[in-house]
Amino acid sequence: MAEAIVSFALEQLGSILSEQTSGFIRKQVSLVGDVDEEVEKLTHNLEAIQAVLFDAEQKQMKDAAVRLWLHRLKDVCYEVEDVLDEWNTAILKLQIEGGQDHNALAPKKKVCCFFPSPCFGFKEVVLRHDIAVKITDINKKLDIIAKQKSDYSLNVKLANEKPDDQQMQTTSFIDVSDIYGRDDEKNNLVSKLLCEGSKQNLHIISLVGMGGIGKTTLAQFAYNNNEVKNNFDKRTWVCVSDPFDEFRVAKAIIESLEGHTPNVAELESLLQRICDSIKNKKFLLILDDVWTENDKKWEPFYHCLKNGSHGSKILITTRKESVACMMNSNDIMNVGELSYDENWLLFRKLALSERSPHEYENLEEIGKKIVYKCKGLPLATKTIGSLLRLKKYKDQWERVSSSELWKLENIEKGLLTPLMLSYNDLPPMVKQCFIYCSIFPKDYEYMFKNQLIDFWMAQGYLGLEKNGENEEIIGKEYSDYLLTRSLLQKDENKPWCYKMHDIVHDFAQFLGNNECLSVEVYGVEDPITNSSHDKVRHLMLTVDGVGPSFPESTYRLKWLRSLLFRYYTTESLASDVLARLFTELTRLRLLYLNAAFDFEEIPKEIGKLIHLRDLTLNDRRRVHKIKVPESLCELHNLHTFILWNCFVETLPQGIEKLVNLRRLRFETSHRTLLYMPKGVEKLTGLRILSEFVIPGGGDHGNKACSFEGLKNLNRLEGSLTVRGLGNLTDVSDGKLTNVFKNKEKLDHLRLEFYTSEEEERLGEDDELILKTLQLPPNLEGLSISRYRGNAVPSTNWMTLTKLKVLTLGVCSNCQHLHHLGNLPFLGLLDLTAMSSVKKVDDDFWGIESETSSSSSLCVHFPKLTEFSFCDTREWEEWDCKVEEFMPCLASLSIVSCPKLKALPDRLLQRTTLKQLHFSESPILTERYNKETGEDWPKISHIPYIWIDGKCVQDEQ
């Protein structure tokens, strides 16, 4: 991991020197302390150390002194990063104040100086002096470390580079969850679970074996066995891990039984809920990875769980037989190593299944030697097999087979070597990403893929953006590295989430020297009392229970770079707590707060977090208004700002100073933002913008960004909501034409014309606005609401060849949707509150009548599978004359259309139609009633039918 930190520091230093320390700034820096010489010395030291780091990373496993040397180096390199980031930020601040073209994601221009000399004052000179002093101090520390490297006989070796594109493209994920062998164990375990057994209501079975042996996989097999499923009324799976937290385990059991987490603080109440939930029910409870030998922790659960019906079972997985005995196990099954043949089958599938016959024959012999060294451990075999699947040549396999690491024993017998070999094969930056994953607790279920990549980006693990290469894409590549080596796994139940085996988690913690920490606290105890935690850099802190106070020890963690804080107490997080947090933990690069907030404005001290890249605030208890201070705009490095359940009326006027901002999101149903500040149009690096608001009535004067300003944000991607289109004036002068034209990565767009029905405006203006706008060419989803036009201009539909979802809501004057049926990939159409519609026919869709001389019929709505018409209260007739109309329709929903007389027979006769739903439409209810309706035979072939909220037909 140290090699990645050194590499990034050198990259950061090179970027500063080559692009930002020329001309006037560099001259001013040199005036205050020989900084040129110190920077050159810093570079030399880092490069000399970098040359031997790959060798040091390998030798640390056998040599504790080397390991200690690496940790000292890592600490100093973190200081280097912080100082360079401070330097870079200071220069960026001067650029901004000098009025330069400073957008960090815009193409760079060659300039001889960044600003005129009057901009450079005493304050900036002092700041340069402080940075120069810090660099000098760091060099003294690096001098010592550089000299020490000769004491450990470290050799110059090159770390693995990123595999070429071809290799990455041919890599596919293998399902490593298959169980090879263990037929006797599988059959025996299933039999024990199905057996009614003794007269006891509760039968406990324990699977005992070392880590990585396959206990959890065996338990999963039994848990998902169809006979086992049918044998129990309730099945529950809980990952216990170490320590055995009674509150967390009890809540997890209740969540699995009842489908939600109880808001209960007392253990006694939680146990009573469990008792009530399983009463008179036959249940299966899996307690995976139990460590505690404290019978006082287990005893309350044991007495509670005896309340189930006869035949209920508990299945435990543990590494200790003493745990199984303490938990009163009726059956203890020892899970041993796989046989050589079984292990070979697993390895062969992972490493050799896609080889040509020649390759297979060339690698088979060396592969069998490697399998022998895996000692029957499935996790070791999966890890090393996943690694070798990426190696094409025999000499690469031989290097793995002959590694000195096979002689080591640590963590778990036989597991360290495969893990270390896979880790060493990673590029330096991916090693950092891997270790960072250990910030999440063991068995953590919500390691979201996209969020994890955001966290890596905030720490700089994805490098400095070059040549427009998207860091998000690099992050996905890095996660693929870890998946293909089985260092991360996809969660089968949540494909958007990752998970990490607990042994792999231990390994990551070991490599990171516990710089990533996850702590869960219940009550008022202080969670971080160990002095060894003082240099923790990445912390996930969960506080639960009734304690009102923020953990005091958190403020002590001055080196903290990530804080993921989940505050589930009965009290709210106060403003003064945050203000102190911002003041004390100034090295933070990532701050994620999930709590109940007791403040109406983010404390102005937020401006002190100059290193901050990612800020997310989530009020978990209530949706309320919050004010964003101007001091936030001092965070020139910020690239992500997200508010969940917090709505804002205004954004800071100085927002243009957030030159690195990529994501600006407000995740709430409250539409309260009054306008966009003028500086938004200068944030050309923005990729995610949740909404853009156009103010009405000339409000907010020169503060508001015009709608035309949106045309500068051509990097926007994903979804965007534009509110207030009806407030536009001068819509006929062509200014709107190019607003969306070049936004090729925008795939979902919501256009809201007004905030309420009471607002008055001529529908002709709305039609002109929609006709003038050139919609993004790659739209897949489009929503239009509160549109007053009589028709939607057909010219707009013609360009949306990729559109899959279209919703129109509260379009009160709209009577025509011309040429909508010609969209080739439209799959879902939702029309709501179209109050002017009385008749739906070919004219409504803009379909020209087909003559008998037509040689071929046009297919209208060729891919539409879901169609919904809601709250269209004047609609009386639905006439369908064309032959080829909605040929793929599978679901039809009609809600609150009280005057509609009938549905087209031609649609109802479709064999593709699988679901029909109508409600609050009394004429339809009477006409198609199952018992008395005259037209029930016309719909009786449809498998699933709901009428007025009642399922009248459900064909399994």
Item to check | Residue check for residue 830: modelled with pLDDT of 90 or more, open to solvent by 40 Å² or more (accessible area, probe 1.4 Å) and not in a loop (DSSP other than H, G, I, E, B) | outcome: yes
Checklist entry - Tell me, which strands (runs of 3 or more DSSP E) wholly within the stretch 265-341 include 1 or more residues that are surrounded by fewer than 14 Cβ atoms within 10 Å (Cβ to Cβ)? => result 331-334
Checklist entry - List the pairs whose first member sits in the stretch 56-82 and is over 25 Å from residue 137 (Cβ atoms) and at pLDDT below 80, whose second member is in a loop (DSSP other than H, G, I, E, B) and of a type in the set (Ser, Thr, Tyr), and whose Cβ atoms are under 9 Å apart, counting only residues at least 6 apart or on separate chains? => result 58/403; 59/153
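Taking helices (runs of 4 or more DSSP H) that do not extend beyond the stretch 417-513, which have at least 2 residues that are of a type in the set (A, V, I, L, M, F, W, C) and surrounded by 23 or more Cβ atoms within 10 Å (Cβ to Cβ)?
Details: elements: 428-436, 449-458, 471-484, 502-511.
In the stretch 417-513, 428-436, 449-458, 502-511 are the helices (runs of 4 or more DSSP H) which contain 2 or more residues that are of a type in the set (A, V, I, L, M, F, W, C) and surrounded by 23 or more Cβ atoms within 10 Å (Cβ to Cβ).
State whether the residues of the stretch 785-797 include one that is part of a strand (DSSP E or B), modelled with pLDDT of 95 or more and surrounded by fewer than 20 Cβ atoms within 10 Å (Cβ to Cβ).
Among the residues of the stretch 785-797, not one is part of a strand (DSSP E or B), modelled with pLDDT of 95 or more and surrounded by fewer than 20 Cβ atoms within 10 Å (Cβ to Cβ), which makes the answer no.
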Item to check | Residue satisfying all of: in the stretch 849-878; open to solvent by 80 Å² or more (accessible area, probe 1.4 Å) and more than 19 Å from residue 907 (Cα to Cα); modelled with the highest pLDDT among these | outcome: 873
Checklist entry - Among (1) under 27 Å from residue 63 (Cβ atoms); (2) at pLDDT 75 or above, where does residue 541 come up short? => result (1)
Item to check | Those strands (runs of 3 or more DSSP E) lying entirely in the stretch 890-956 with at least 2 residues hydrophobic (A, V, I, L, M, F, W, C), open to solvent by less than 20 Å² (accessible area, probe 1.4 Å) and under 22 Å from residue 861 (Cβ atoms) | outcome: 891-895, 915-919
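Let's see how each residue does on (1) aromatic (Phe, Trp, Tyr); (2) modelled with pLDDT under 85; (3) more than 30 Å from residue 430 (Cα to Cα):
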residue: 133; (1), (2), (3): no, yes, yes
residue: 140; (1), (2), (3): no, no, no
residue: 145; (1), (2), (3): no, no, no
residue: 154; (1), (2), (3): no, yes, no
residue: 163; (1), (2), (3): no, yes, no
residue: 172; (1), (2), (3): no, yes, no
residue: 182; (1), (2), (3): no, yes, yes
residue: 187; (1), (2), (3): no, no, yes
residue: 194; (1), (2), (3): no, no, yes
Checklist outcome for this item: Within the stretch 59-79, the residues that are farther than 18 Å from residue 559 by Cα and crowded, with 17+ Cβ neighbours inside 10 Å are 59, 60, 61, 66, 67, 69
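One line per residue, one yes/no per condition, for (1) under 19 Å from the mean Cα position of the chain (by Cα); (2) of a type in the set (Ser, Thr, Tyr); (3) on the phi < 0 side of the Ramachandran plot:
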| site | (1), (2), (3) |
| --- | --- |
| 540 | yes, no, yes |
| 562 | yes, yes, yes |
| 567 | no, yes, yes |
| 573 | no, no, yes |
| 578 | no, no, yes |
| 581 | no, no, yes |
| 593 | yes, no, yes |
| 603 | no, no, yes |
| 607 | no, no, yes |
Checklist entry - Is it fair to say residue 897 is within 42 Å of the chain's Cα centre (by Cα) and over 18 Å from residue 806 (Cβ atoms)? => result yes
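State all residues of the stretch 638-655 that are of a type in the set (A, V, I, L, M, F, W, C) and surrounded by fewer than 21 Cβ atoms within 10 Å (Cβ to Cβ); if no residue qualifies, say none.
Within the stretch 638-655, the subset of a type in the set (A, V, I, L, M, F, W, C) is 638, 641-644, 646-648, 651, 655.
Residues satisfying the conditions are 642, 644, 647, 648.
Per-residue answers, yes or no, for (1) more than 23 Å from residue 746 (Cβ to Cβ); (2) under 33 Å from the mean Cα position of the chain (by Cα):
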| site | (1), (2) |
| --- | --- |
| 784 | no, yes |
| 801 | no, yes |
| 804 | no, yes |
| 822 | no, no |
| 843 | yes, no |
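Collect the residues in the stretch 879-889 that are in contact with a His (Cβ under 8 Å, 6 or more places away or on another chain) and open to solvent by 10 Å² or more (accessible area, probe 1.4 Å), keeping them in residue-number order. Let's see the steps before the verdict.
Keep residues of the stretch 879-889 that are in contact with a His (Cβ under 8 Å, 6 or more places away or on another chain), which gives 882, 884-886.
Passing the criteria: only 884.
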Checklist entry - Residues of the stretch 316-338 being in contact with a Leu (Cβ under 7 Å, 6 or more places away or on another chain) and either without any contact (Cβ under 8 Å) to a residue 24 or more places away in the chain or closer than 18 Å to residue 194 by Cβ (or both), which ones? => result 316, 333
Next on the checklist: With the structure loaded, tell me whether residue 640 is in contact (Cβ under 8 Å) with a residue 60 or more places away in the chain, on the phi < 0 side of the Ramachandran plot, in contact with a strand residue (DSSP E or B) (Cβ under 7 Å, 6 or more places away or on another chain) and β-branched (Val, Ile, Thr) or whether it fails that test.
Outcome noted: yes
Item to check | Residues of the stretch 240-264 satisfying the condition of being part of a helix (DSSP H, G or I) and among the charged types (D, E, K, R) | outcome: 246, 248, 251, 255, 258
Item to check | Positions within the stretch 578-598 being over 24 Å from residue 637 (Cβ atoms) and open to solvent by 10 Å² or more (accessible area, probe 1.4 Å), in sequence order | outcome: 598
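Does the stretch 486-498 include one or more residues that are touching a Gly at 6+ places or on another chain (Cβ under 6 Å) and in contact (Cβ under 8 Å) with a residue 60 or more places away in the chain? Write out each step before concluding.
Start the filter on the stretch 486-498 by keeping residues that are touching a Gly at 6+ places or on another chain (Cβ under 6 Å), which leaves none.
Checked the stretch 486-498: no residue is touching a Gly at 6+ places or on another chain (Cβ under 6 Å) and in contact (Cβ under 8 Å) with a residue 60 or more places away in the chain.
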Item to check | Selection from the stretch 656-688 of residues that are open to solvent by 60 Å² or more (accessible area, probe 1.4 Å) and basic (Lys, Arg) | outcome: 665, 671, 678, 682
Checklist outcome for this item: Reported set for the stretch 782-812 where residues are in contact with an Asp or Glu (Cβ under 9 Å, 6 or more places away or on another chain), closer than 20 Å to residue 722 by Cβ and polar (S, T, N, Q) is 783, 785, 807, 812
Item to check | Some residue of the stretch 359-378 being under 21 Å from residue 420 (Cα atoms), at pLDDT below 85, in contact with a Cys (Cβ under 7 Å, 6 or more places away or on another chain) and buried (at least 23 other Cβ atoms within 10 Å of the Cβ) | outcome: no
Checklist entry - Take the residues of the stretch 342-352 that are among the charged types (D, E, K, R) and either in contact with a strand residue (DSSP E or B) (Cβ under 8 Å, 6 or more places away or on another chain) or closer than 18 Å to residue 394 by Cα (or both): which is least open to solvent (accessible area, probe 1.4 Å)? => result 349
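Just to be sure, is residue 617 touching a residue at least 24 places away in the same chain (Cβ under 8 Å), part of a strand (DSSP E or B), surrounded by fewer than 22 Cβ atoms within 10 Å (Cβ to Cβ) and aliphatic (A, V, I, L, M)? Talk me through it step by step, then tell me what you get.
On the way: touching a residue at least 24 places away in the same chain (Cβ under 8 Å): yes; part of a strand (DSSP E or B): yes; surrounded by fewer than 22 Cβ atoms within 10 Å (Cβ to Cβ): yes; aliphatic (A, V, I, L, M): yes.
It is true that residue 617 is touching a residue at least 24 places away in the same chain (Cβ under 8 Å), part of a strand (DSSP E or B), surrounded by fewer than 22 Cβ atoms within 10 Å (Cβ to Cβ) and aliphatic (A, V, I, L, M).
The values are calculated or read from the model by the stated rules, or taken from the named source; none is laboratory data. All values reported here derive from a predicted model rather than from experimental measurement. Virtual Cβ from ideal backbone geometry, glycine too; neighbours counted across all protein chains shown. We work out accessible area using only protein heavy atoms, side chains counted, and drop any ligands, DNA or RNA first. Shrake-Rupley method; radii C 1.70, N 1.55, O 1.52, S 1.80 Å.
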